[in-house]
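Asker: If you scroll down you'll find the structure; I have some questions about it.
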Amino acid sequence: MNTTTKEILKKIKKASDNIDIYVVGGWVRDALIKRKNRDLDIATSINPGPLARKISNVIKGRFVELDKKNKIYRVVLKGDRDLDYIDVAKLKGPDIYTDLKRRDFTINALAVSISNAIDEYTVIDPTGGIYDIKNKVVRSTNTGIFNEDPLRLLRAFRIACELKFNIEPKTKKLIKVKSKLIRKSANERVRDEIFKILSQPKSFVWIKEMDNAGLMDCIFPEIIKMKKSARNFYYHPQGLWQHAIETLTSLEEILDNLKKLFPGYEHKILNHLNQPLSNGITRMNLLKFVALMHDMAKPACAKKIGNKMRFLGHEKKGSEMIKVVLKGLRMSNKDIKIAQTLIGHHMRPINLGQSPVITDRAIFRLFRDIEDNLVDLMLLTLADCYSYRRIKVRKVVELKKQKKVVGKLITRYFDVKEKISHPKLLDGHVIMKKFNIKPSPLVGKLLGIVKEEQSLGKIKDVNDALTLIKRKLTRLKKRNIMN
Ligand code: CTP
């Protein structure tokens, strides 16, 4: 334990006036496996509100009433400390033993009395948590835990995935039996657990495990259709869901090999993907979710044309469907928009890769429509293509070509990023005034033309832009398109 945590614990002990209070749960578990945990949970038999206030005074933290009904209080630590916050709650039951036995997993059902927590750990362990930590096992404390809080069905996987533990077979069986209960959990809580799992490398392993336990179908019923529909028409023998998992797997392989795949650009790509979005989610986690769901509309769009099954319009439909799914998970509008853009345009880089020459204009138009999501889209495309590698239905040369296109576009994106965002030469008001045009979509169209030509280096200043507009308007007038 580092000195600042020790200092904080000493101060908490002082604030407790020798009444026994306990450090419980994840912090104790993590201390035993020497893993950093920035959140401390405290359980006490006395009224937790006044105790939390006292603690916040002695450590100069901020007092927050977290859950009035259940009497849970938070002390938020300020400054550069080892802990972010301390939660203070009342013991559930008459004593610490009863409290611990009601907790979710044995490895979390651990406590240390505050007087012991500072210099030595005499761990209170009524369910065999220390033994399970040694064996790297997540085991339920009793068979009722999932009825009490169904979110624990996901917590089991998230904790196992984060700690690189295994879920004990009987607990796994119990999860399968209880999987439907997950529908009762608050959507925000489900979202947080799913995205914490996706934030781990090799999350595909855990998505598969959760799927085997029946949880993925319960949370996202769209997946049931992906598993059933038109199985014979997909390259992957187990249908579209297998393709989805393989796309996520390939994406995670790509992320592990950025340096090899995009030499010199790996840091830029990582910086981009590590950008935080809302609710603790990063671009990378969202991209992984999109990789799973990018073809979710294929079952709805499947149509036999001649001898072939086609999925015309599945990108557009998919972009509508993902909106509903992510709204359900209470994602922010901004994040939903990113996912919609990625799914809505996910066929474009593939089509671009198939054209004999990729012109600068085509690249500009893709950049314009995709905006800051280009890197994400390129990685999605590559993962989509690489998902077929294991089943060998795509020729190696085809995959190599797609990789080349993706590499070219990613490097171009970073190289011309500044150019694209160079200063606006004209705004709509100037155009309307100079050319005596009323507000209309035409103004937007003219602005788009100016931006396109500017980014291609064909016009450089305001005069060039005005000359260009004049020429365009004359041509439009001739064609009688203007009204
Ligand atoms: N807990 C529980 N059931 C839940 C949530 C939490 O029994 N549904 C108990 C566990 O003992 C857990 C403790 O409350 O260790 C604190 O919960 P939380 O802070 O959510 O999780 P941690 O285990 O501390 O781990 P992490 O911070 O990784 O979530």
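Asker: Across the range 289-322, which residue is modelled with the lowest pLDDT among those that are touching a Cys at 6+ places or on another chain (Cβ under 9 Å) and of a type in the set (Gly, Ala, Ser)?
Answerer: Gly313
Asker: Mind counting the residues in the range 100-141 that are under 31 Å from the mean Cα position of the chain (by Cα) and outside any strand (DSSP E or B)? Walk me through how you get there before you give the answer.
Answerer: Of the range 100-141, the ones under 31 Å from the mean Cα position of the chain (by Cα) are 102-110, 129, 132-141.
Restricting the remaining residues to those that are outside any strand (DSSP E or B) gives 102-104, 106-110, 129, 132-136, 139, 141.
Looking only at that region, the number is 16.
Asker: Next question. Can you pull out the residues in the range 61-91 that are over 22 Å from Glu7 (Cα atoms), among the basic types (Lys, Arg) and in a strand (DSSP E or B)?
Answerer: So the first thing to find is which residues in the range 61-91 are over 22 Å from Glu7 (Cα atoms), and the list is 65-72, 90-91.
Cutting the leftovers down to among the basic types (Lys, Arg) gives us 68-69, 71, 90.
Within the range 61-91, Lys90 is the sole residue that qualifies.
Asker: OK, next. Can you tell me which condition Lys202 does not meet? The list is (1) buried (at least 16 other Cβ atoms within 10 Å of the Cβ); (2) charged (D, E, K, R); (3) in contact with an Asp or Glu (Cβ under 8 Å, 6 or more places away or on another chain), and all the others hold.
Answerer: Failing condition for Lys202: (1).
Asker: Among the numbered criteria (1) modelled with pLDDT of 85 or more; (2) not assigned by TED's automatic domain parsing to the domain that holds Ile254, which single criterion is violated by Ile410?
Answerer: With (1) modelled with pLDDT of 85 or more; (2) not assigned by TED's automatic domain parsing to the domain that holds Ile254 applied to Ile410, the lone miss is (2).
Asker: Just to verify a result, which residue in the range 21-40, among those that are closer than 21 Å to Thr127 by Cβ and loosely packed, with under 14 Cβ neighbours inside 10 Å, is nearest to the ligand (Cβ to nearest atom)?
Answerer: Arg35
Asker: Residues being in a helix (DSSP H, G or I) and within 13 Å of His294 (Cα to Cα): count how many of those fall in the range 337-347. Spell out the reasoning first.
Answerer: Step one: list which residues in the range 337-347 are in a helix (DSSP H, G or I), which gives 337-344.
Cutting the leftovers down to within 13 Å of His294 (Cα to Cα) gives us 338-344.
Within the range 337-347, residues that are in a helix (DSSP H, G or I) and within 13 Å of His294 (Cα to Cα) number 7.
Asker: When the residues of the range 93-107 are filtered to those that are without any contact (Cβ under 8 Å) to a residue 60 or more places away in the chain and more than 9 Å from the ligand (Cβ to nearest atom), which remaining residue is surrounded by the most Cβ atoms within 10 Å (Cβ to Cβ)?
Answerer: Only one residue fits best here, namely Thr106.
Asker: Just to be sure before I move on: is Ala43 over 15 Å from Ser113 (Cβ atoms), within 34 Å of the chain's Cα centre (by Cα) and either away from the ligand (no atom under 12 Å from the Cβ) or of a type in the set (A, V, I, L, M) (or both) in the structure I sent? Don't jump to the end; show me each part of the working.
Answerer: Working: over 15 Å from Ser113 (Cβ atoms): no; within 34 Å of the chain's Cα centre (by Cα): yes; either away from the ligand (no atom under 12 Å from the Cβ) or of a type in the set (A, V, I, L, M) (or both): yes.
Against the criterion (over 15 Å from Ser113 (Cβ atoms), within 34 Å of the chain's Cα centre (by Cα) and either away from the ligand (no atom under 12 Å from the Cβ) or of a type in the set (A, V, I, L, M) (or both)), Ala43 does not qualify.
Asker: Within the bounds of the range 146-167, is there any residue that is outside the structural domain of Lys202 (by TED's automatic domain parsing) and under 29 Å from the mean Cα position of the chain (by Cα)?
Answerer: Step one: of the range 146-167, the residues outside the structural domain of Lys202 (by TED's automatic domain parsing) are none.
Looking for residues that are outside the structural domain of Lys202 (by TED's automatic domain parsing) and under 29 Å from the mean Cα position of the chain (by Cα), one finds none in the range 146-167, hence no.
Asker: If you scan the range 251-268, which residues turn out to be outside any loop (DSSP other than H, G, I, E, B) and surrounded by fewer than 23 Cβ atoms within 10 Å (Cβ to Cβ)? Don't jump to the end; show me each part of the working.
Answerer: The first filter runs over the range 251-268 and keeps only residues outside any loop (DSSP other than H, G, I, E, B), leaving 251-256, 258-261, 266-268.
Within the range 251-268, Glu252, Glu253, Ile254, Leu255, Asp256, Leu258, Lys259, Lys260, Leu261, Glu266, His267, Lys268 meet the criteria.
Asker: To continue, here is another question. Every residue in the range 41-64 that is out of contact with any strand residue (DSSP E or B) (no Cβ under 6 Å at 6 or more places or on another chain) and surrounded by fewer than 14 Cβ atoms within 10 Å (Cβ to Cβ), please.
Answerer: Across the range 41-64, the qualifying residues are Asn47, Pro50, Asn57, Lys60.
Asker: Consider the range 142-159. How many of its residues are of a type in the set (Val, Ile, Thr) and either part of a helix (DSSP H, G or I) or within 11 Å of the ligand (Cβ to nearest atom) (or both)?
Answerer: Taking the range 142-159 and keeping what is of a type in the set (Val, Ile, Thr), we get 143, 145, 159.
In the following step, the residues that additionally are either part of a helix (DSSP H, G or I) or within 11 Å of the ligand (Cβ to nearest atom) (or both) were identified as 145, 159.
Looking only at that region, the number is 2.
Asker: Anything in the range 275-289 that is in a loop (DSSP other than H, G, I, E, B) and over 21 Å from Val416 (Cα atoms)? List them, or say none. Before the answer, list the steps.
Answerer: We begin by selecting, within the range 275-289, every residue in a loop (DSSP other than H, G, I, E, B); these are 275, 277-281.
Leu277, Ser278, Asn279, Gly280, Ile281, listed by residue number.
Asker: Okay, moving on. Report yes if Leu110 is within 12 Å of the ligand (Cβ to nearest atom) and buried (at least 20 other Cβ atoms within 10 Å of the Cβ), otherwise no. I'd like the intermediate steps shown before the answer.
Answerer: Values: within 12 Å of the ligand (Cβ to nearest atom): yes; buried (at least 20 other Cβ atoms within 10 Å of the Cβ): yes.
Judged against the criteria, Leu110 is a match.
Asker: Continuing with the same structure: As an exercise: evaluate Ser185 against (1) crowded, with 22+ Cβ neighbours inside 10 Å; (2) polar (S, T, N, Q); (3) near the ligand (Cβ under 10 Å from one of its atoms) and give the number of the one condition it does not meet.
Answerer: In the conditions (1) crowded, with 22+ Cβ neighbours inside 10 Å; (2) polar (S, T, N, Q); (3) near the ligand (Cβ under 10 Å from one of its atoms), Ser185 misses (1) alone.
Asker: Which condition number in (1) more than 10 Å from the ligand (Cβ to nearest atom); (2) surrounded by fewer than 20 Cβ atoms within 10 Å (Cβ to Cβ); (3) part of a helix (DSSP H, G or I) is the one that Glu162 fails?
Answerer: (1)
Asker: Going residue by residue through the range 374-395, is there one that turns out to be touching a Cys at 6+ places or on another chain (Cβ under 9 Å), assigned to a helix (DSSP H, G or I) and at pLDDT below 85? It would help to see each step written out before you state the result.
Answerer: First, the residues of the range 374-395 that are touching a Cys at 6+ places or on another chain (Cβ under 9 Å): 394.
Narrowing further to those that are assigned to a helix (DSSP H, G or I): none.
There is no residue in the range 374-395 that is touching a Cys at 6+ places or on another chain (Cβ under 9 Å), assigned to a helix (DSSP H, G or I) and at pLDDT below 85.
Asker: Checking the condition among the basic types (Lys, Arg) and more than 23 Å from Met321 (Cα to Cα), which residue from Lys208, Lys164 passes?
Answerer: Just a single option satisfies the conditions, and that option is Lys164.
Asker: From Tyr22, Tyr97, Tyr73, which residue is among the aromatic types (Phe, Trp, Tyr) and more than 30 Å from Lys164 (Cα to Cα)?
Answerer: Working: Tyr22 fails: more than 30 Å from Lys164 (Cα to Cα); Tyr97 fails: more than 30 Å from Lys164 (Cα to Cα).
Result: Tyr73 is the single residue among Tyr22, Tyr97, Tyr73 that is among the aromatic types (Phe, Trp, Tyr) and more than 30 Å from Lys164 (Cα to Cα).
Asker: Could I ask something else about it? Mind listing whichever residues of the range 77-91 are surrounded by 14 or more Cβ atoms within 10 Å (Cβ to Cβ) and either within 16 Å of the ligand (Cβ to nearest atom) or closer than 23 Å to Phe165 by Cα (or both)? Can you show your working first?
Answerer: First, the residues of the range 77-91 that are surrounded by 14 or more Cβ atoms within 10 Å (Cβ to Cβ): 77, 81-83, 85-91.
Within the range 77-91, Leu77, Asp82, Leu83, Tyr85, Ile86, Asp87, Val88, Ala89, Lys90, Leu91 qualify.
The values are calculated or read from the model by the stated rules, or taken from the named source; none is laboratory data. Fair warning: this is a prediction, and the values are worked out from it, not measured in the lab. Please note: Cβ atoms are built from the backbone with ideal geometry, for glycine as well, and neighbour counts cover all protein chains shown.
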